[in-house]
Amino acid sequence: MTVYNREVWIDASKEKVWEVIADFGNIYLFNPTIAKSYLTSDKTSGLGTTRQCNFEGINAHIKERIVSYKEGESMRVEIYDGKGAPPFKTAFGSFFLQEEDGGTLVKGIFEYELKFGPIGILMDALMVKPKFSGAWDGVLAGLKKHVETGQEINATTSKSLDFTPVVAIA
């Protein structure tokens, strides 16, 4: 399994950061790889809520659902289907929030395993891992900029993202 552990400090209250993360249908507002996202369930938040995320610049999408949810504290999202995305056997993204130094420390974990056994391991090493490491950093850098400025982050505005506040953690 490939795991990316990152954290970023955001100059905003935990409540404000959570409001953005919990707005599940609108991840496109801070994720630079997503052109559009929308809810696919009647639920708008909490456990079991689902969404579709259409990727920027390609005819591909993923479908996600919330599989763990602690209001104001943490959320775990599973990628359960998709078209044109890597062949995930399992894939999860998680956010954990804590107040720190007058702002919010966001810990983000993205973990996945590809299908196809040894071929999937090779595919991960050659194609998926190099792309997803930067993409996950972009999600956290985009979240920081969107929360702090209100700016929508997309393929164009992401060119000015500052990745230095995003720190890899063990």
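The values are calculated or read from the model by the stated rules, or taken from the named source; none is laboratory data. What you see is a predicted model, and the numbers here were worked out from it, not measured in a lab. Reconstructed Cβ throughout: ideal geometry from the backbone, glycine too, with neighbour counts over all protein chains shown. These area figures cover heavy atoms from the full protein model, side chains too; ligands, DNA and RNA do not enter into them. Shrake-Rupley method; radii C 1.70, N 1.55, O 1.52, S 1.80 Å.
Points to keep in mind about this one:
- For ASP11, solvent-accessible area (1.4 Å; no DNA, RNA or ligand), Å²: 100 Å²
- Gyration tensor verdict on segment 16-58 (Cα atoms; rounded if a/c is under 1.5, prolate if a/b is larger than b/c, oblate otherwise): oblate
- Test item: Cα-centred dipole of the chain, Lys/Arg +1 and Asp/Glu -1 on Cβ, debye: 640 debye
- Mean residue ellipticity at 222 nm, helices only, the chain: -7000 deg cm²/dmol; runs of at least 4 DSSP H residues each add -39,500 (n - 2.57), and the sum is divided by the number of residues.
- If you plug the beta carbon distance of ASP11 and PHE163 into 1/(1 + (r/R0)^6) with R0 = 25 Å, you get a FRET efficiency near 0.95.
- One decimal place: the segment TYR38-ASP81 gains 14.0 nm when fully extended, by the rule 0.36 nm per residue minus the C-alpha distance.
- Rounded to the nearest 10 square angstrom, TYR80 shows an accessible area of 80 square angstrom against a 1.4 Å probe.
- Area of LEU29 that stays accessible when all protein chains are in place (1.4 Å probe, Å², to 10): 40 Å²
- Those residues of segment 101-132 whose amide nitrogen sits under 19 Å from the label point placed on VAL3, 7 Å along Cα→Cβ: 106-115, 121, 124-125, 129-130, 132
- Note on log10 I(q)/I(0) by the Debye sum over Cα atoms at q = 0.09, 0.16 Å⁻¹: of the candidates (1) -0.28, -0.93; (2) -0.56, -0.93; (3) -0.49, -1.03, the value calculated from this structure sits at (1).
- Of the residues SER94, SER13, the one with the largest accessible area comes first in the ranking SER13, SER94, computed with a 1.4 Å probe on protein heavy atoms.
- The chain: angle of helix 129-149 to the longest principal axis, Cα-based, in degrees nearest 10: 20 degrees
- A simple count of charges around PHE132, restricted to other residues whose Cβ falls under 14 Å of its Cβ and scoring Lys, Arg +1 and Asp, Glu -1, yields -1.
- In segment 1-128, Cα pairs under 8 Å separated by at least six residues give a relative contact order of 25 percent.
- Rounded percent of accessible protein surface that carbon and sulfur make up, the chain, 1.4 Å probe: 54 percent
- Relative contact order computed over segment 64-170 (Cα-Cα under 8 Å; 6+ residues apart), in percent: 15 percent
- Label point at GLN98 placed 7 Å out along Cα→Cβ; residues across segment 134-148 whose backbone nitrogen lies under 15 Å: none
- Residue-span extension gain [GLU111 to LEU47] - 0.36 nm each, minus C-alpha spacing: 21.1 nm
- Cα-based shape type of segment 127-170, given that a ≥ b ≥ c are square roots of the gyration tensor eigenvalues and the cut on a/c is 1.5: oblate
- Reachable aspartates and glutamates, given that their alpha-carbon falls under 13 Å from the alpha-carbon of LYS89 and they are not under 8 places away in the same chain: GLU78, ASP81, GLU111, GLU113, ASP124
- Taken per residue, the accessible surface of segment 1-140 reaches 49 Å², heavy atoms only and a 1.4 Å probe.
- For the residue pairs LYS16/LYS107; LYS107/LYS129; LYS14/LYS36, the C-alpha atoms sit more than 23 angstrom apart in LYS14/LYS36.
- Proximal aspartates and glutamates relative to LYS144, as straight alpha-carbon distance under 18 Å, when same-chain residues fewer than 8 apart are discounted: GLU7, ASP11, GLU15, GLU19, ASP23, GLU73, GLU99, GLU100, ASP101, GLU152, ASP162
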